[in-house]
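J.: Here it is, the structure, as structure tokens.
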Amino acid sequence: MKKLGLFVIAIGFMACQSENKSSNTADTANLATSTDSLTFKYDSVKVYSKTPVSINKTVTDTSKAVISYPLFNDEKINQFIESKIKLTADSGKNYKTYNDYASDFIKGYDDFKKSEKDYPQTWFLDIKAKVVTQKPSYLSLLNTYVNYAGGAHPNSIFTYINYNPVTHQEILLDSLIQPGSMVKLTAIAEKIFRKNEKLSATASLKDGYFFEKDTFKLNDNFTVTDQV
């Protein structure tokens, strides 16, 4: 899968380089502007609960919600990243800002503590979007979501975000392969999966895996790197 994805991306980069050699001054200026738009710094929103977890004043731990994200010079990129991070919220929750998201999580804890005063644990929400790959026409981020709001253990999700800063469009897996190649790519990926899991070509995927109808399928969580 990585080899095929890299091949497609490599062709794209080679084409860009070829065009740059014969491009005029205006094209060069556009590339420079695109590169400048990828300049960023990390920022964050932090909201802490004022509700004590214990009546013991020596216990200072408290529930918190932290959202960390890159802030680019290009506002369209920022809006795209923010929209993706907000998708991690519970179904039916629509927030205007990162602060609204974090504050609502803490409000949930505060409301819970009103009825469960003896509850001995804190809650936490930790969302961190980190830049993985940064090129003029390809931006990839890893969004790490970790949430604990009671229960036996935290919940965690790791999602890659792929974006074209030139066209301002999300990059989907289908756009990186030739039309009609998904079946072939899936077959290659399944062979690799079965080899890594030490499964025969005919072994059932029913036990120990969560494929719909017990049929292997590629998901759309991916990134493209220089590693083969």
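J.: What pairs come up if the first residue lies in the stretch 188-213 and is more than 25 Å from residue 177 (Cα to Cα), the second is loosely packed, with under 10 Cβ neighbours inside 10 Å, and their beta carbons are under 8 Å apart, counting only those six or more places apart or on different chains?
T.: Qualifying pairs under 8 Å: 205/215.
J.: If we keep just the residues of the stretch 58-76 that are open to solvent by less than 20 Å² (accessible area, probe 1.4 Å) and under 14 Å from the mean Cα position of the chain (by Cα), which is farthest from residue 128 (Cα to Cα)?
T.: My answer is 70.
J.: Now, a different point. Please go through the stretch 139-159 and pick out each residue that is among the small types (Gly, Ala, Ser) and either under 18 Å from the mean Cα position of the chain (by Cα) or closer than 15 Å to residue 128 by Cα (or both).
T.: Within the stretch 139-159, 140, 156 qualify.
J.: Hey, could you check the stretch 116-159 for residues that are aromatic (Phe, Trp, Tyr) and part of a strand (DSSP E or B) and say which is nearest to residue 47 (Cα to Cα)?
T.: 124
J.: Taking only the stretch 60-88 into account, find how many residues are free of Cβ contacts under 8 Å to residues at least 12 places away in the same chain and within 17 Å of residue 109 (Cα to Cα).
T.: 1
J.: Could you tell me whether any residue of the stretch 183-203 is open to solvent by 60 Å² or more (accessible area, probe 1.4 Å), touching a Leu at 6+ places or on another chain (Cβ under 9 Å) and of a type in the set (A, V, I, L, M)?
T.: yes
J.: Name the residues in the stretch 121-166 that are free of Cβ contacts under 8 Å to residues at least 60 places away in the same chain, open to solvent by 50 Å² or more (accessible area, probe 1.4 Å) and not hydrophobic (A, V, I, L, M, F, W, C), would you?
T.: Answer for the stretch 121-166, where residues must be free of Cβ contacts under 8 Å to residues at least 60 places away in the same chain, open to solvent by 50 Å² or more (accessible area, probe 1.4 Å) and not hydrophobic (A, V, I, L, M, F, W, C): 151, 153, 154, 155, 156.
J.: A further question on this structure: Given the conditions (1) surrounded by fewer than 11 Cβ atoms within 10 Å (Cβ to Cβ); (2) closer than 30 Å to residue 67 by Cα; (3) modelled with pLDDT of 95 or more, which single one is not true for residue 210?
T.: Of (1) surrounded by fewer than 11 Cβ atoms within 10 Å (Cβ to Cβ); (2) closer than 30 Å to residue 67 by Cα; (3) modelled with pLDDT of 95 or more, only one is false for residue 210: (3).
J.: Let me ask another. Mind checking which pairs have a first residue in the stretch 46-57 that is open to solvent by 90 Å² or more (accessible area, probe 1.4 Å) and a second that is outside any loop (DSSP other than H, G, I, E, B) and among the hydrophobic types (A, V, I, L, M, F, W, C), Cβ under 9 Å, 6 or more apart or different chains?
T.: From the stretch 46-57, the pairs are 46/65; 46/66; 46/67; 46/102; 48/65; 48/106; 50/106.
J.: Exactly one of (1) over 19 Å from residue 68 (Cα atoms); (2) at pLDDT 95 or above; (3) hydroxyl-bearing (Ser, Thr, Tyr) is unmet by residue 159. Its number?
T.: (1) is the only condition that residue 159 fails.
J.: Select from the stretch 167-180 the residues that are in a loop (DSSP other than H, G, I, E, B) and either surrounded by 14 or more Cβ atoms within 10 Å (Cβ to Cβ) or within 18 Å of the chain's Cα centre (by Cα) (or both) and list them in ascending order. Quick ask: steps written out before the conclusion?
T.: Looking only at the stretch 167-180, we keep the residues that are in a loop (DSSP other than H, G, I, E, B), and these are 167-168, 171-172, 177-180.
Result: 168, 171, 172, 177.
J.: Considering (1) closer than 28 Å to residue 175 by Cα; (2) surrounded by fewer than 15 Cβ atoms within 10 Å (Cβ to Cβ), say which one residue 96 fails and leave the rest.
T.: (1)
The values are calculated or read from the model by the stated rules, or taken from the named source; none is laboratory data. Since the structure is predicted, the reported quantities are computational estimates derived from the model, not experimental observations. Cβ: placed from backbone, ideal geometry, glycine included. Neighbour counts: every protein chain shown. Quick note on the areas: whole protein, heavy atoms, side chains included, nothing else; ligands and nucleic acids left out. Shrake-Rupley method; radii C 1.70, N 1.55, O 1.52, S 1.80 Å.
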